[in-house]
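See below for the structure under consideration.
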Amino acid sequence: MPLVTSKAMLEDAYRHHYAVVGFAIHNLEVMKAVTEAAEELEAPVIFQTTPRTIHYVGLDYMVSMAKMAAQSAKVPIALHLDHGDSVETVVRCLRAGYTSLMIDGSHLPFEENVALVKRVVEIAHAVGVPVEAELGTIGGAEEVGSVGEAEATYTDPALAEEFVARTGIDFLAPAFGTAHGVYKGEPQLDFARLQAISRRVAIPLVMHGASGVPDEGVRRSVQCGVSKVNISTELKLPFAEALRDYLLAHPNEADPRRYFLTAREAVKQAAKRKILLAQQSKGEASDSST
């Protein structure tokens, strides 16, 4: 089937209390691994690329690979711009064939964030593409910079309600204790805040920085309104580890058709674990935060 938007898949996840996983795609090997995992589990999936990844791979290459994967797959696949950094980037991705996007104005003052997001929503909705935006500041090392724990700010539920109403976004990424990159200790997630945000905005929520969050933390987040779980680091680490182990064991191997196989399989198994985890609460009612 062709690439689809993330709108229908996340609305179904929201209604039935499970989550769709958005996987960071950095190359063809990771894309194939994620596609195989999704097909084996008969689950929808979202390919996610940041502006930096688009620059690395090439916009046309990325879209062409994603379209080919979707056309041959038996499950719905969306192609999502993650942490879009400008209106110009958004327009380029829409014209190229992206079917979902995020505009990240979380570093801006509230009114400027609203103005930027509202503009992107107008552009994207005109061509039937849903928009995700972030309110609050999620800590950790993102590709465009890093936010220390002291600088991270949690999302205010009342402000989230105003933000959603004024911008018309389809999905909200709130800050409630997660972080991008590798955690130094177990994250302390504010489930009461997350649930309060969910009740006020009544749209699917997105969990950024889900790599490294214990399984129970992911499950509770889904039960509190998260309908999309973003995974990046937990694909990169097994890919690198499997590739490193293979090359150390086979120092004379020079054929990428051989040494990428173990790395792809490691990513596939990691992706399957995350998909299964995100679907564990399917059909259950949202529980309390206590």
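Please report, ordered by residue number, the helices (runs of 4 or more DSSP H) entirely within the stretch 3-83 with at least 1 residues that are under 17 Å from Lys274 (Cβ atoms).
On the way: elements: 7-16, 28-41, 51-57, 59-72.
Those helices (runs of 4 or more DSSP H) span 7-16, 28-41.
Looking at the stretch 83-133 only, could you name the residues that are touching a residue at least 40 places away in the same chain (Cβ under 8 Å), closer than 18 Å to Ala66 by Cβ and small (Gly, Ala, Ser)?
Selection gives Gly97, Ser100, Gly128.
Give the number of residues within the stretch 227-269 that are crowded, with 22+ Cβ neighbours inside 10 Å and either among the acidic types (Asp, Glu) or within 30 Å of Ile197 (Cα to Cα) (or both).
Number of matching residues: 7.
Give me a count of the residues in the stretch 187-226 that are open to solvent by 10 Å² or more (accessible area, probe 1.4 Å), hydrophobic (A, V, I, L, M, F, W, C) and either in a helix (DSSP H, G or I) or under 26 Å from Thr50 (Cβ atoms) (or both).
6
Could you please give the count of residues in the stretch 107-161 that are at pLDDT below 95 and under 26 Å from Leu3 (Cα atoms)?
1
For the stretch 1-35, name all the residues that are over 15 Å from Ala78 (Cα atoms) and among the acidic types (Asp, Glu).
Hit for the stretch 1-35 is Glu29, nothing else.
Can you go through Val63, Val57 and tell me which one is in contact with a helix residue (DSSP H, G or I) (Cβ under 6 Å, 6 or more places away or on another chain), over 22 Å from Asp215 (Cα atoms) and surrounded by fewer than 24 Cβ atoms within 10 Å (Cβ to Cβ)? Steps first, please.
Numbers: Val57 fails: in contact with a helix residue (DSSP H, G or I) (Cβ under 6 Å, 6 or more places away or on another chain).
Val63 is the lone residue from the list that is in contact with a helix residue (DSSP H, G or I) (Cβ under 6 Å, 6 or more places away or on another chain), over 22 Å from Asp215 (Cα atoms) and surrounded by fewer than 24 Cβ atoms within 10 Å (Cβ to Cβ).
Looking only at the stretch 33-54, which residues are under 17 Å from the mean Cα position of the chain (by Cα), open to solvent by 20 Å² or more (accessible area, probe 1.4 Å) and over 16 Å from Gly84 (Cβ atoms)?
Residues of the stretch 33-54 that are under 17 Å from the mean Cα position of the chain (by Cα), as a first pass: 33-35, 37-38, 43-54.
Those left that are additionally open to solvent by 20 Å² or more (accessible area, probe 1.4 Å): 44, 51-52.
Correct list: Pro44 only.
How about the stretch 227-241: which of its residues are touching a helix residue (DSSP H, G or I) at 6+ places or on another chain (Cβ under 9 Å), over 18 Å from Glu36 (Cα atoms) and either of a type in the set (A, V, I, L, M, F, W, C) or assigned to a helix (DSSP H, G or I) (or both)?
Val229, Leu237, Ala240, Glu241
The values are calculated or read from the model by the stated rules, or taken from the named source; none is laboratory data. Because the structure is a prediction, the values reported are computed rather than measured. So basically every Cβ, Gly included, is an ideal-geometry build from the backbone, and we count neighbours across all protein chains shown. For the accessible areas, the whole protein counts, side chains as well, though only heavy atoms, and no ligand, DNA or RNA atoms are used. Shrake-Rupley method; radii C 1.70, N 1.55, O 1.52, S 1.80 Å.
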